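Trainee: Next up is a structure, given as structure tokens.
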Amino acid sequence: MSHSTGHSELAEKFANNVERMNWHDKALWFVRLKRDNQAKSLDEWEELRSTADKIKKHTLENLANYLEEFEKNALSRGIKVHWAKDAKEHNKIVLDILNSKNVKMVVKSKSMLTEECHLNPFLEKHGIEVVDTDLGERIVQLRNEPPSHIVLPAIHLKKEDVGTTFEKFLNTQKGNSDPTYLTRAARAHLRKKFLGADASMTGVNFAIAETGGIVVCTNEGNADLGSSLPKLHIACMGVEKIIPRLKDLSIFIRLLARSATGQPVTSYTSHYHGPVEDGEMHIIIVDNGRSNILSTDKYKKSLQCIRCGACLNTCPVYRRSGGHSYGYTIPGPIGSTLAPSRDLKKYSTLPFACSLCASCSNVCPVQVDLHQQLYLRRQDVVDAGYLSPAKYRVLKMATWLMSHPRIMDFAGLLARKIVPLLPRSIIYSKINIWGKSRELPKFPKNSFKELYKAKKGSK
Amino acid sequence: MKIGLFIPCFMNELYPKASMATLKVLENLGIDVEYPMYQTCCGQAQANTGCSNETKVLAERFLKIFKNYDYIVAPSGSCVSMVRHNYAQFLQGRDGFEHMRTHTYELVEFLHDIIKPKSMNATFAHKVGIHNSCHAHRELGMASMSEKNVPEFSKIKNILDKVDGISYSELTRKDECCGFGGTFAITEEALSLAMGRARLQDHLNAGSEYITGVDMSCLMHMQGIIDREKMPLKTIYIAQILAGDTP
Amino acid sequence: MSSRDIILKSIKDYAPSKSSELPNINISHASYENINEKFSTSLSSVGGIAVFMENIEEIKEYIAEHYADSKVIVSNCENLLPIVTKDANATKDPHALHDVDLAIIEGEFGVAENGAVWIMEPKNRHRALYFIAQKLIIIIPKNEIVPTMHEAYEKLSFGTQNFGLFISGPSKTADIEQSLIIGAHGAIETCVIFI
């Protein structure tokens, strides 16, 4: 997924297909509206958000203790616990476990962490077949694309796109793109995979320190069916997935699905506290840069994220540029603040892929200050010298002018006198990006300051 | 009560009428307003591009010029939000800063919260679409936000209600960003345009004759698209309605 | 140092200062006048159905009428043994449950706000049963409905049981163009019977 192209270029490409962009925007806006309906149906909504914020804040302040408590309780339940500093170690742990059981095929449910670690290509390289079982994930896997959304992985695709993909890989009828038909075809296809898998992998929505168990939420039942057939279940979690108490789940479960898809709860909320009969359950706790984020006062709150995707759905930029324009595993506002923690240079355009409208901060169920983080990230980009030199020069010059009001007034006066005399071809030349598709305002004869002076003088 | 008037840099140069209307609205209400001559810019463009050194220079100028006023009023939600929310990084603890931070108001917000006028002595017999500009809306909290479960209110509407003859259009997305976003309008030009067009289409469908709002910058962006695409729509800065200026 | 110790050390080194308390969870919420009705509405909004019955005979009739095409039926409810065609607990291997048409299981209580049912059956050997069956009936004692997830979690604990879950309606997906399709990988029908 590495690329050197910035967000704006990829966004422009996406936006050039106006019909498709508008369709994408509407599809996600619809999800946002469903979320609003749920939020507005609960008088206690804002209190749930602030309580979730408080629980997460407290947990991050005591994270090491809660991780140790979780580990102790999980071990006492017969769950094997592993720790991985980074993606490489995570992938190696997974491979070693799978090899120790001679696993040839693993069914995997949605896990942004394994996407982050690029686990699939790694396992495939080592001869293990990985089948993503979430329908949207399976669709993008067959198409060899990354997911474009953290909850709705195939939201960028039309049903006809899915139809062609299934025609090729699942032998569905040519030209049949009926969603029910395609879903049934995937059900049959994946049932075989579920029954044939030697192991399962899942992500983790919440890990409960108090009980040593984990919770996974799905609508399709894929994580659930996948993990209950084979004897081996590996669950991967970032260190930030911990919550202290079982009853804290009442807050997060009430918020998660309502924020994500506008449902009151997901179809399945499975609480795993041990393996299946004669089976093994492994939990891999992964850092991969998270403790670094914890060390930054400005950005540590991003670790509160519960991956509901609400900030993507509400983001006017995401809705019109698509998930792939971000070039990072997690797109949208939350991805734009997480990615620069990983590689500021590579992802230097993401904090600017934002009009600072602040809608993301308002929908976030755990009150992450998303737009404020993106605002501050921009300072990091400039301080590291990654802002384009041309842009920086302009702003530096403007600042100098703005520190010299008399010269600025004179420059303004000149502009107001000269610009109206220039031919359109010069005013609207290539360097005038504003004027590419927008008219400039008509330059007035006098500035406000001149009018004000005249008014005061005449008194 | 001495009021310092801050006029955003681009409004000073490009929108003298809207700026004069701001002054007129305040003076009509008998408020003692002064415009400090050496003011320039609040530094928002620099700040939103991440240029903190440059922002600091301008924040310090702003403090020096405005700290001794009882209130500072600006015809711009985003400039006020800059002072209220983003200056602390540069000016925290400085003499007069906390007073200035908490006493800088957007024009309509100032009327609504501090002056509380009974009437505006203005008529505007048109169907108006209110543009809830993001910083005024979500950072200053000038109206209930569609994302939140809170009772509905709008300071903008409360003040516009005092204008005779005015009526409103009902938008399907009442507080979506227009895509101006400061330097965003240039950096992400394609999306800025797409967002602007979507807002304008919403207003066209809702039958707005005029789009008004508390941020001239958003209106400038939308008017730029209106003019280029020759849409049957107009923008008008809110102070011009409140001052009774006929368009 | 092990990776475990490195991670825990860097978290300890980096963790923000401890200044906030773990909040008590005491969320006031609307109470439902008719909690049965609220549960039914919530469940039907997610594609399931709730029915209220008086005795086991009624359930048997209901199943005979509505699930006539279900050939392989499993259940751990002793009262339903006469209609059971397969003993799910007899096999060691959950894969053997692949042909189950209808699973009749026992839930502990329902949650009115979202139509979810808490299931933690000590009697059931294979958790796969909940997901592999084509159709699901969940039987719950009458009056066992709590208003919200707050009351629900107050009731829960994990002792020796190593699996429990909330099921709210049938399995579903909207991954193709946001069209809601009932029946993704789990049950394509879920019926909750209160008795």
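The values are calculated or read from the model by the stated rules, or taken from the named source; none is laboratory data. Bear in mind that the values here come from a model prediction, so they are computed numbers and not experimental data. We place every Cβ from the backbone using ideal geometry, glycine too, and count neighbours over all the protein chains shown.
Trainee: Hey, among B:MET231, B:MET216, which residue is touching a residue at least 24 places away in the same chain (Cβ under 8 Å), buried (at least 18 other Cβ atoms within 10 Å of the Cβ) and within 13 Å of chain A (Cβ to nearest Cβ)?
Mentor: On the way: B:MET231 fails: buried (at least 18 other Cβ atoms within 10 Å of the Cβ).
Criteria check complete, one pass: B:MET216.
Residue-by-condition table, conditions (1) surrounded by fewer than 24 Cβ atoms within 10 Å (Cβ to Cβ); (2) of a type in the set (D, E, K, R); (3) modelled with pLDDT of 95 or more; (4) in a strand (DSSP E or B):
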| site | (1), (2), (3), (4) |
| --- | --- |
| C:ASN79 | yes, no, no, no |
| C:ASP87 | yes, yes, yes, no |
| C:THR91 | yes, no, no, no |
| C:HIS95 | yes, no, yes, no |
| C:LYS123 | yes, yes, no, no |
| C:PHE131 | no, no, yes, no |
| C:ILE137 | no, no, yes, yes |
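Trainee: Among the residues of the stretch A:304-341 satisfying the criterion of being touching a Phe, Trp or Tyr at 6+ places or on another chain (Cβ under 9 Å) and at positive phi, which is nearest to the other protein chains (Cβ to nearest Cβ)?
Mentor: For the stretch A:304-341, the residue satisfying everything is A:GLY322.
Trainee: Select from the stretch B:176-197 the residues that are within 7 Å of another protein chain (Cβ to nearest Cβ), assigned to a helix (DSSP H, G or I), surrounded by 21 or more Cβ atoms within 10 Å (Cβ to Cβ) and without any contact (Cβ under 8 Å) to a residue 60 or more places away in the chain and list them in ascending order.
Mentor: Those that are within 7 Å of another protein chain (Cβ to nearest Cβ), assigned to a helix (DSSP H, G or I), surrounded by 21 or more Cβ atoms within 10 Å (Cβ to Cβ) and without any contact (Cβ under 8 Å) to a residue 60 or more places away in the chain: B:ALA185, B:THR187, B:ALA190, B:LEU191, B:LEU193, B:ALA194, B:MET195.
Trainee: Could you tell me whether any residue of the stretch C:14-33 is touching a His at 6+ places or on another chain (Cβ under 8 Å), loosely packed, with under 15 Cβ neighbours inside 10 Å and of a type outside the set (A, V, I, L, M)?
Mentor: Yes: the stretch C:14-33 contains one or more residues that are touching a His at 6+ places or on another chain (Cβ under 8 Å), loosely packed, with under 15 Cβ neighbours inside 10 Å and of a type outside the set (A, V, I, L, M).
Trainee: Something else about it: Taking the stated definitions as given, is B:GLN39 in a loop (DSSP other than H, G, I, E, B), within 13 Å of chain A (Cβ to nearest Cβ) and without any contact (Cβ under 8 Å) to a residue 60 or more places away in the chain? If you could, list the steps in order and put the result at the bottom.
Mentor: Working: in a loop (DSSP other than H, G, I, E, B): yes; within 13 Å of chain A (Cβ to nearest Cβ): yes; without any contact (Cβ under 8 Å) to a residue 60 or more places away in the chain: yes.
Yes; evaluated as a whole, the condition is true for this residue.
Trainee: Could you check A:LYS345 against (1) surrounded by fewer than 18 Cβ atoms within 10 Å (Cβ to Cβ); (2) modelled with pLDDT of 95 or more; (3) out of contact with any Phe, Trp or Tyr (no Cβ under 6 Å at 6 or more places or on another chain) and say which number it fails?
Mentor: Single failed check for A:LYS345: (3).
Trainee: Then there's this: Could we say that A:SER259 is closer than 21 Å to A:GLU220 by Cα and either buried (at least 22 other Cβ atoms within 10 Å of the Cβ) or modelled with pLDDT of 95 or more (or both) here? Break it down into steps so the answer makes sense when it comes.
Mentor: Values: closer than 21 Å to A:GLU220 by Cα: yes; either buried (at least 22 other Cβ atoms within 10 Å of the Cβ) or modelled with pLDDT of 95 or more (or both): yes.
Yes: the conditions hold for A:SER259.
Trainee: Of all residues in the stretch B:48-81 being touching a strand residue (DSSP E or B) at 6+ places or on another chain (Cβ under 9 Å) and of a type in the set (A, V, I, L, M), which is farthest from A:SER355 (Cα to Cα)?
Mentor: Checking each candidate, the answer is B:ILE65.
Trainee: So is A:LEU195 of a type in the set (A, V, I, L, M, F, W, C) and under 27 Å from the mean Cα position of the chain (by Cα) or not?
Mentor: no
Trainee: Can you tell me which residue is nearest to A:LEU370 (Cα to Cα) among those in the stretch A:282-300 that are part of a strand (DSSP E or B) and more than 8 Å from chain C (Cβ to nearest Cβ)?
Mentor: Once the filter is applied, the top-ranked residue is A:VAL286.
Trainee: Out of the stretch B:55-79, which residues are surrounded by fewer than 24 Cβ atoms within 10 Å (Cβ to Cβ), part of a helix (DSSP H, G or I) and free of Cβ contacts under 8 Å to residues at least 60 places away in the same chain?
Mentor: If the condition is that a residue be surrounded by fewer than 24 Cβ atoms within 10 Å (Cβ to Cβ), part of a helix (DSSP H, G or I) and free of Cβ contacts under 8 Å to residues at least 60 places away in the same chain, then B:LYS56, B:VAL57, B:GLU60, B:ARG61, B:LEU63, B:LYS64 are the ones that fit.
Trainee: Can you tell which of A:ALA199, A:ALA154, A:ALA186 is more than 9 Å from chain C (Cβ to nearest Cβ) and crowded, with 17+ Cβ neighbours inside 10 Å?
Mentor: From the options A:ALA199, A:ALA154, A:ALA186, the qualifying one is A:ALA199.
Trainee: What's the number of the only condition in (1) surrounded by 18 or more Cβ atoms within 10 Å (Cβ to Cβ); (2) of a type in the set (A, V, I, L, M, F, W, C); (3) over 21 Å from C:ILE132 (Cα atoms) that C:ILE73 fails to meet?
Mentor: (3)
Trainee: I'd like to verify a number: residues in the stretch C:153-169 that are more than 7 Å from chain A (Cβ to nearest Cβ) and surrounded by 21 or more Cβ atoms within 10 Å (Cβ to Cβ), how many?
Mentor: The number of residues fulfilling the criteria is 0.
Trainee: Another one. Working only within the stretch C:170-195, note down all residues that are more than 7 Å from chain A (Cβ to nearest Cβ) and within 23 Å of A:ILE214 (Cβ to Cβ).
Mentor: Listed by number, the list holds a single entry, C:ALA187.
Trainee: Take the conditions within 23 Å of A:ARG416 (Cα to Cα) and at pLDDT 95 or above and apply them to B:THR49. Does it pass?
Mentor: Answer is no for this residue.
Trainee: Among the listed residues C:PRO122, C:PRO170, identify the single one that is under 24 Å from C:ALA88 (Cα atoms) and without any contact (Cβ under 8 Å) to a residue 60 or more places away in the chain.
Mentor: C:PRO122
Trainee: Is the stretch B:105-121 home to any residue that is assigned to a loop (DSSP other than H, G, I, E, B), farther than 25 Å from B:GLY182 by Cα and in contact with a Gly (Cβ under 8 Å, 6 or more places away or on another chain)?
Mentor: Yes, the conditions are met somewhere in the stretch B:105-121.
Trainee: Please determine, by comparing only the residues of the stretch A:43-61 that are touching a residue at least 60 places away in the same chain (Cβ under 8 Å) and over 21 Å from the mean Cα position of the chain (by Cα), which one is nearest to C:HIS150 (Cα to Cα). Can you show your working first?
Mentor: Within the stretch A:43-61, the first condition is being touching a residue at least 60 places away in the same chain (Cβ under 8 Å), and the residues that meet it are A:48-53, A:55-60.
Still in the list and also over 21 Å from the mean Cα position of the chain (by Cα): A:48, A:50-51, A:55, A:58-59.
Numbers: A:LEU48: 11, A:SER50: 16, A:THR51: 13, A:ILE55: 15, A:HIS58: 20, A:THR59: 20 Å.
The residue in question is A:LEU48.
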